[in-house]
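Below is one structure, written out as structure tokens, with a few remarks after it.
The values are calculated or read from the model by the stated rules, or taken from the named source; none is laboratory data. None of the values given here were measured: they were computed from a predicted structure. All Cβ positions, even for glycine, are placed from backbone atoms using ideal geometry, and neighbour counts span all protein chains on display. Heads up: the accessible areas ignore ligands, DNA and RNA and are worked out on the full protein's heavy atoms, side chains in. Shrake-Rupley method; radii C 1.70, N 1.55, O 1.52, S 1.80 Å.
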Amino acid sequence: MTTDLTRRILLQTLSAGTASVAMPFIGQARAATTGPILIGVPTAQTAQTGVADHQDYLNGTTLALEEINAAGGILGRPLKAVVVDIDPLSPESGQIAINKLIDAKVHAISCAFSLTPVPAADASAKYRAPFLWGATQRNLTELVAKNPKKYSHLFQTDPSEVHYGYTFPMFLKAMKEQGTWKPLNNGVHIIQEQIAYCQTISKSLQEVLPKSEFQLAHVTDIQYPVQDWGPVIQEIKQVGAGAVMVDHWVAAEYAAFVKQYQSDPLKGALIYLQYGPSQPEFLELAGAAANGFVWSSVLGVYADKKGQEFRAKYRKRFPGVMGMCYTGNGYDVAYYLKAAWEAIGDPSKFDAVNDWVRTHAFRGVNGMMDLNNRYQEAAHYPDNGHDVTATDIEKGMAQLYYQVQNAEHKIIYPDVLSEGKLQTAPWW
């Protein structure tokens, strides 16, 4: 079983090796028309959080780079990664990481996310190299909408977190109508962590609930790190809502939650864990206790032919439990940039490359990235009534709802991409 510490050591080894290959070319990167094209990848290596997602992203990027270079590179040039450390919770770390990549004269920046993204965005504003990341934050993309000249190089390659709240009642209704879930009642209990990302999700859900057949039952506040889930579980049982959204983000703490919950559950309740189970250590730590729990991502790897082919390649290259989100995102962004650079013919023409990315959608293993809107963020599927959505699956990026079944993640919604139906949870 891989620990956080072991994962960090593995990531540091991989990233150090990747960076060492790229570094000899740094001095000539931007101006040269020969030599490697450099892609900067800020990657959490020593931070207290974000390491698993960032490792997934780096792994996906590495797989894409290996494939691209094996096929002859881009414009006859190899593609190299420049990896720098970043702490997703530190504004200063984000600035430092971006400045290091600017000093390295990278041709683009490709990143999983920062939970304090604005300082990093500001640090990149004068350099203007394409900056693509799966930040999942509307407060970031609103900056782009308000100041498109300054931030025209910033692209969010997934929908924003507001859609987690807006889509949740749609998912509950679909499960109810399928007959796979017979709710205790129409109440929704929100367990909310305090970072801005989680608060936005909670607020958007509370905003949309009155427009649905479901009602807010209760809101419980938690604070990272959660040392003991016992009091929270007792409150879940006292409230007795038919559905519970645990609006948190740390996979290891989710693993602790499911183990405690399975031993003392609210029978019949649908328990949704916000995003965190996508990280490999959730299944590694939770094991069979994870069965029955539901989670979702606006950035998940599809299970269609394209997605399955990627999953097979990824698991062969990186054995073990596969992260279901940022693996595909890192892979897709590398190929998106490849398409842009080949179309423009010169990766040093930042403005032209940015214009191409903005006006050309790209279909990857995580779905369609159509960034041609004022937020420059991927459109969300299904249409839930919020900004930047798509009514056609091939014009947006689908939010995938998974259930853990037999210790594996299975897509259960939307129907057009599902691998099966919601199964009876062990505590029902």
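The set of residues in segment 126-154 that are in a strand (DSSP E or B) and either basic (K, R) or within 15 Å of P88 (Cα to Cα) (or both) contains only W133. Of all residues in segment 266-288, those that are open to solvent by 10 Å² or more (accessible area, probe 1.4 Å) have Cβ atoms under 6 Å from Cβ atoms of residues that are at pLDDT 95 or above and hydroxyl-bearing (S, T, Y), 6 or more apart or on another chain, in Y275/S297. Using the structure shown, decide if A174 is part of a strand (DSSP E or B) and either exposed (fewer than 14 other Cβ atoms within 10 Å of the Cβ) or not aromatic (F, W, Y) (or both). For A174, the condition - part of a strand (DSSP E or B) and either exposed (fewer than 14 other Cβ atoms within 10 Å of the Cβ) or not aromatic (F, W, Y) (or both) - is not met. Among the residues of segment 180-221, those identified as part of a loop (DSSP other than H, G, I, E, B) and over 22 Å from the mean Cα position of the chain (by Cα) are T180, W181, K182, P183, L184, N185, N186, S212, E213, F214.
Scanning segment 410-419 for residues that are in contact with an Asp or Glu (Cβ under 9 Å, 6 or more places away or on another chain) and touching a residue at least 40 places away in the same chain (Cβ under 8 Å) yields I411, I412, L417.
Do you know which of the residues in segment 236-265 that are open to solvent by 10 Å² or more (accessible area, probe 1.4 Å) and in contact (Cβ under 8 Å) with a residue 40 or more places away in the chain is nearest to K176 (Cα to Cα)? Per the criteria, the residue is G240. How many residues does segment 335-364 hold that are small (G, A, S), in contact (Cβ under 8 Å) with a residue 24 or more places away in the chain and not in a loop (DSSP other than H, G, I, E, B)? Residues flagged as small (G, A, S), in contact (Cβ under 8 Å) with a residue 24 or more places away in the chain and not in a loop (DSSP other than H, G, I, E, B) within segment 335-364 amount to 2. In the condition set (1) touching a Gly at 6+ places or on another chain (Cβ under 6 Å); (2) of a type in the set (A, V, I, L, M); (3) touching a residue at least 60 places away in the same chain (Cβ under 8 Å), V388 is compliant with all but (1). The residues in segment 301-334 that are of a type outside the set (D, E, K, R), in contact with a strand residue (DSSP E or B) (Cβ under 9 Å, 6 or more places away or on another chain), open to solvent by 10 Å² or more (accessible area, probe 1.4 Å) and not in a loop (DSSP other than H, G, I, E, B) can be counted, and the count is 1.
Return the total of residues in segment 156-186 being within 30 Å of V353 (Cβ to Cβ), touching a Phe, Trp or Tyr at 6+ places or on another chain (Cβ under 7 Å) and not polar (S, T, N, Q). Number of matching residues: 1.
Taking segment 81-125 as the range and being in a loop (DSSP other than H, G, I, E, B), open to solvent by 30 Å² or more (accessible area, probe 1.4 Å) and not β-branched (V, I, T) as the test, the residues that pass are D87, L89, K105, L115. Among the residues of segment 169-177, is there at least one that is among the hydrophobic types (A, V, I, L, M, F, W, C), touching a Gly at 6+ places or on another chain (Cβ under 9 Å) and farther than 23 Å from M397 by Cβ? No, segment 169-177 contains no residue that is among the hydrophobic types (A, V, I, L, M, F, W, C), touching a Gly at 6+ places or on another chain (Cβ under 9 Å) and farther than 23 Å from M397 by Cβ. Evaluated against (1) in a helix (DSSP H, G or I); (2) closer than 21 Å to M397 by Cβ; (3) in contact with a strand residue (DSSP E or B) (Cβ under 7 Å, 6 or more places away or on another chain), L63 falls short on exactly one condition, (3).
Tell me, please, whether a residue that is open to solvent by less than 40 Å² (accessible area, probe 1.4 Å), in contact with a Pro (Cβ under 6 Å, 6 or more places away or on another chain) and not acidic (D, E) can be found in segment 335-344. There is at least one residue in segment 335-344 that is open to solvent by less than 40 Å² (accessible area, probe 1.4 Å), in contact with a Pro (Cβ under 6 Å, 6 or more places away or on another chain) and not acidic (D, E).
If you go through segment 402-428 and keep only what is surrounded by fewer than 22 Cβ atoms within 10 Å (Cβ to Cβ) and not in a loop (DSSP other than H, G, I, E, B), you end up with Q405, E408, K410, D415, V416, L417. The set of residues from segment 367-401 being open to solvent by 50 Å² or more (accessible area, probe 1.4 Å), acidic (D, E) and touching a strand residue (DSSP E or B) at 6+ places or on another chain (Cβ under 7 Å) comprises D383, E394.
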